[in-house]
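What follows draws every value from the coordinates through simple rules; no lab data is involved. This is a predicted model, so every value here is computed, not measured. With ideal geometry, Cβ positions are generated from the backbone for all residues, glycine too; neighbour counts draw on all protein chains shown.
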Amino acid sequence: MVRRFLATEFLLVPTAGACIHMPPTANQIVRISYPEGDTVETVQHPAWVEGIISSKLTTDNVYLVNGDTDLTIGYDMNASLVVNYH
């Protein structure tokens, strides 16, 4: 049984799993806001994202697969399109 969920915000990182165990530097993390939502089967899937990006250094407490952590994020994007990239 495959569990799917609708993600309206997620982190885009350079490699699968990068934000879980050893987060990349802030300049390699983009917080994606996509109010329409993207149906996700796993948190570690490649995605093609289009939209308006802006630099905005923020530190937020985010929930990752293995618990909460403070994470510094370098960019925000308001996505107009999110496509699973297989």
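Miscellaneous remarks
- For segment 5-84, the spread of Cα positions along each principal axis, largest first, Å: 27, 26, 19
- Set of segment 38-80 residues, backbone N closer than 15 Å to the point 7 Å along the Cα-Cβ line of Phe5: 38-45, 62-69
- Counted charge near Ala7, where neighbours are those whose Cβ lies closer than 11 Å (Asp, Glu -1; Lys, Arg +1): -3
- Relative contact order (percent, whole number), the chain, Cα cutoff 8 Å, 6+ residue spacing: 35
- Computed lengthening from Asp60 to Glu36, 0.36 nm per intervening residue step minus Cα-Cα distance: 6.4 nm
- Order of Val82, Val13, Val65 under a 10 Å beta carbon neighbour criterion, fewest first: Val65, Val13, Val82
- Based on alpha-carbon atoms, the Kirkwood radius and the radius of gyration of segment 38-80 give Rg/Rh equal to 1.00.
- Seen from Tyr85, the other residues with C-beta closer than 14 Å to its C-beta sum to a net charge of -3, counting Lys and Arg as +1 and Asp and Glu as -1.
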